[in-house]
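Below is one structure, written out as structure tokens; the observations come after it.
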Amino acid sequence: MIGHFDLYMRRESALHRMDERAKIIALVGFVLAALIAPTRPVWPACTLFGLLGLGLVFGRVPPLLLARRTLLVALFVGLPLLVSRWGGEDARLAAEAFAVKSLLVAAAFMVLMTTTRTVDLLDATGRLPLLRGLSALAQFIVRGVNVLLGEVVRTYRAWALRAPRANLQLRVRGLAAASVSLVGRAAARSDRIGAAMVLRGFDGSLPQAPARSPAAAHLAIGVAFAMLSLAAAGIGRWT
Amino acid sequence: MVARKRGKDALWQARELSLAGLLGALGLLLPVGFHALGWGGKIFLPMHLPIVAAGFVLGPATAAGLGLVVPLLSLALTGMPPLPLAPLMSVELMVKAGVASLLYRVLRLPIWIALPVALVADWVVLALAVLLAAGFLNIKAGALAYVAAVIVAGLPGTALQLAAVPAAVAAIERRLPRLALKRGKQ
Amino acid sequence: MDIAPALSVEELSYTYPGGGRALDQVSFSLAAGERVALLGANGAGKSTLLWCLVGVLRASGKVVVGGTELARGAEAEVRRKLGLAFSEPDDQLFMPTVSRDLSFGPLAAGDAPEESLRKAHAAAGQVALAEDLLARPPHELSSGEKRRAALAAVLALEPEVLALDEPTNSLDAPGRAALAEALLGLPCAQLIATHNLDFVRRLCPRSLVLVEGKLVADEQTASLLLDRGRLADYGLLAPEKGPT
């Protein structure tokens, strides 16, 4: 068995137990709030960071893990922040807003991914008619990742056993050969998976699986979180 | 796209969906492999390789959908590419794969025309998206320089795509001979 | 009164697109509830025959499953009656969770969501797949569990005939024993393509042997397994005596 290829962290917490649809509502509200929240005055952004902190606590997400996972974003937004020091006040404020908003959105997204299984998230988004096709595609990609990951590991091990001290040229050739072989194998496998789908009745559309109703309390918490985020951002921006 | 209902083509649609899933999976795994070897994703553009190849073996809607989904899914599963970059890449790959499919599978142009046109379409969309985002964030200075830097840094990746994508498409069409027959019937 | 066979195959022939003859005038039938082994060396045509039975490969000849003849327009009906379990479970489990995979067939066949879930759970029970595995993604399952999940996905459609392609691949001895137990408890007719003669000896009273696409034997498994010379001619190795 190959381990998870996602950011989900198995843990017992209130946020882990919460219905994924409620979490999506909370995230959408939070992201919209982060986008409209001003960075001057600072209290709306601080409120949003506080709400994010609540997510960390109730999801039992280690802050260091979150910091590590948002490090790439910090590096990405750090450069404009640095460059803006040589620009005018407008540029500095814009870069600062860009950095704050990016970090808020990225961290909220990471909290969601850390506390929710990818399959559950895709299942929830797949129930929205607009996203049904893309979610189905994403579900097949996730399944494909886990199938191909096994082949990648086996291919890499076979290659590493035969070329334990490979130089750069050998590495390039190894990676190229493995990639081409994976593409070929993926194509052949898709043929068989396609046949499996048709043999079980696929007629061009994926049947919708039965869904349990989300608990009212979960939905209420998700909506409340979203409203609170939007209220903080809205008041900060328009007053 | 995925939910088209045409009974007699169900086998083809099932194969297209599963092939899209596996090529999308490669789009997620290749960058991880490149990073493990210490090779920069912005230089070799590993995610682009299978998605562009998908443009040549899938219908335009599925190919464009795949381009849209893969960077966002990669962000969700691996945290890369980082958030401000992932939506930009989504738009880029959606256009690139969609254009490739439209030219190769629908208009039946040869790959040596369709591939360079798809690459140029990607650059145009990248420039437009960056200018739009810069305007939105009020950081106009340096936006075009950023686009130029991204394109120049990604030239090895572009060369890799020009070399590897036709080979990958040929490999897939060899494994799935019915695919070649499907060209022009999307 | 004659009872109609669960599966009837008459003069089935298939030629590869490249020109090689894969199946040559193969004819046989399976009675309801009968378990029959399909034996042959690598490349003998076992898998090709199974693909032809469900119409994924188009062969000449006649295939009738539960009274329905395989023809254009009737493929879906035949595929509901004849379930094919692939040699590689990863090719067969394509949905994000085992439960979604098991209920896919019934849902696609038009069953209500609750009914499809009931069939999924019943099929899981038939192959002794633990309930707690149903909510998991397929890649979290062991090889044996995946094999049973793939089998359950086929059984959820309640087929009249179950065709299995190399069901013992990548299974250890306890896994093979558990699979054998599960198959022995199923009421449907079964056609089991395998190299594993130990497995066949335990499960299948009757065996068919394919050599280069031709059906060269259709007889009692017990007598076939005693004839080591003939088995060697067919490219098969007689099993050692003892428990399976």
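Could you tell me whether A:ALA209 is small (Gly, Ala, Ser), part of a loop (DSSP other than H, G, I, E, B) and at the interface with another protein chain (Cβ under 8 Å from one of its Cβ atoms)? For A:ALA209, the condition - small (Gly, Ala, Ser), part of a loop (DSSP other than H, G, I, E, B) and at the interface with another protein chain (Cβ under 8 Å from one of its Cβ atoms) - is met.
Among the residues of segment C:118-143, those that are out of contact with any Lys or Arg (no Cβ under 9 Å at 6 or more places or on another chain) and not hydrophobic (A, V, I, L, M, F, W, C) comprise C:ARG118, C:LYS119, C:HIS121, C:GLY125, C:GLN126, C:GLU131, C:ASP132, C:ARG136, C:GLU140, C:SER142, C:SER143.
Taking (1) within 14 Å of chain A (Cβ to nearest Cβ); (2) in contact (Cβ under 8 Å) with a residue 12 or more places away in the chain in turn, B:ILE111 satisfies each apart from (1). Residues in segment C:100-115 that are free of Cβ contacts under 8 Å to residues at least 40 places away in the same chain and open to solvent by less than 30 Å² (accessible area, probe 1.4 Å): C:LEU107 alone. Of all residues in segment A:157-165, at least one satisfies being touching a residue at least 12 places away in the same chain (Cβ under 8 Å) and farther than 30 Å from C:VAL54 by Cα.
Each row is one residue, and each column tells you yes or no for (1) outside any strand (DSSP E or B); (2) among the basic types (Lys, Arg); (3) without any contact (Cβ under 8 Å) to a residue 40 or more places away in the chain; (4) closer than 30 Å to C:ASP101 by Cβ.
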site	(1), (2), (3), (4)
C:LEU23	no, no, no, no
C:TRP51	yes, no, yes, yes
C:VAL64	no, no, no, yes
C:ALA71	yes, no, yes, yes
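Against the conditions (1) assigned by TED's automatic domain parsing to the domain that holds A:GLY59; (2) within 28 Å of B:ALA171 (Cα to Cα), A:GLY204 satisfies every one except (1).
Here A:ILE235 meets each of (1) touching a Gly at 6+ places or on another chain (Cβ under 6 Å); (2) of a type in the set (A, V, I, L, M, F, W, C); (3) surrounded by fewer than 19 Cβ atoms within 10 Å (Cβ to Cβ) with one exception, condition (1).
Exactly one residue out of C:LYS62, C:LYS81 is at pLDDT 90 or above and more than 14 Å from the chain's Cα centre (by Cα): that is C:LYS62. All conditions in (1) open to solvent by 30 Å² or more (accessible area, probe 1.4 Å); (2) at the interface with another protein chain (Cβ under 7 Å from one of its Cβ atoms) hold for C:PHE94, with the sole exception of (1).
With respect to the conditions (1) modelled with pLDDT under 80; (2) within 7 Å of chain A (Cβ to nearest Cβ), B:LEU28 falls short on a single one, namely (1). Can you go through B:ALA114, B:ALA127, B:ALA163, B:ALA118 and tell me which one is over 16 Å from the mean Cα position of the chain (by Cα) and either modelled with pLDDT under 90 or buried (at least 18 other Cβ atoms within 10 Å of the Cβ) (or both)? Exactly one residue qualifies, and that residue is B:ALA127. For segment B:54-83, the set of residues classified as more than 10 Å from chain A (Cβ to nearest Cβ) and either buried (at least 24 other Cβ atoms within 10 Å of the Cβ) or outside any helix (DSSP H, G or I) (or both) consists of B:ALA54, B:GLY55, B:PHE56, B:LEU58, B:GLY59, B:ALA63, B:ALA64, B:GLY67, B:PRO71, listed by residue number. Checked against the criteria, C:THR15 does not count as buried (at least 16 other Cβ atoms within 10 Å of the Cβ) and hydroxyl-bearing (Ser, Thr, Tyr). Would a scan of segment A:135-142 turn up a residue that is at negative phi, more than 7 Å from every other protein chain (Cβ to nearest Cβ) and in a helix (DSSP H, G or I)? Yes, segment A:135-142 has at least one match.
Yes or no, residue by residue, for (1) within 13 Å of another protein chain (Cβ to nearest Cβ); (2) modelled with pLDDT of 90 or more; (3) not in a helix (DSSP H, G or I):
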{"site": "C:LEU102", "(1), (2), (3)": "yes, yes, no"}
{"site": "C:ARG118", "(1), (2), (3)": "yes, yes, no"}
{"site": "C:ALA122", "(1), (2), (3)": "no, yes, no"}
{"site": "C:ALA128", "(1), (2), (3)": "no, no, yes"}
{"site": "C:GLY144", "(1), (2), (3)": "yes, no, no"}
{"site": "C:VAL154", "(1), (2), (3)": "yes, yes, no"}
{"site": "C:ASN169", "(1), (2), (3)": "no, no, yes"}
{"site": "C:PRO174", "(1), (2), (3)": "no, no, no"}
{"site": "C:ALA177", "(1), (2), (3)": "no, no, no"}
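Yes/no per residue for (1) farther than 18 Å from B:THR78 by Cβ; (2) facing chain B (nearest Cβ under 9 Å); (3) in contact with a Phe, Trp or Tyr (Cβ under 6 Å, 6 or more places away or on another chain); (4) surrounded by 15 or more Cβ atoms within 10 Å (Cβ to Cβ):
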| residue | (1), (2), (3), (4) |
| --- | --- |
| A:LEU51 | yes, no, no, yes |
| A:VAL61 | no, no, no, yes |
| A:LEU64 | yes, no, no, no |
| A:LEU75 | no, yes, no, no |
| A:GLU96 | yes, no, no, yes |
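Taking every residue in segment A:199-220 that is of a type in the set (Ser, Thr, Tyr) and pairing it with any residue that is assigned to a loop (DSSP other than H, G, I, E, B), at least 6 positions away or on another chain, the pairs with Cβ-Cβ distances below 6 Å are A:SER205/B:ALA3; A:SER205/B:LYS5. In segment A:104-133, of all residues being more than 9 Å from every other protein chain (Cβ to nearest Cβ), without any contact (Cβ under 8 Å) to a residue 40 or more places away in the chain and part of a helix (DSSP H, G or I), the one that is nearest to B:MET80 (Cα to Cα) corresponds to A:LEU131.
The values are calculated or read from the model by the stated rules, or taken from the named source; none is laboratory data. Keep in mind that this is a model prediction, so the values were computed, not measured. Cβ sites come from the backbone with ideal geometry, for glycine too, and all protein chains shown count toward neighbours. These area figures cover heavy atoms from the full protein model, side chains too; ligands, DNA and RNA do not enter into them. Shrake-Rupley method; radii C 1.70, N 1.55, O 1.52, S 1.80 Å.
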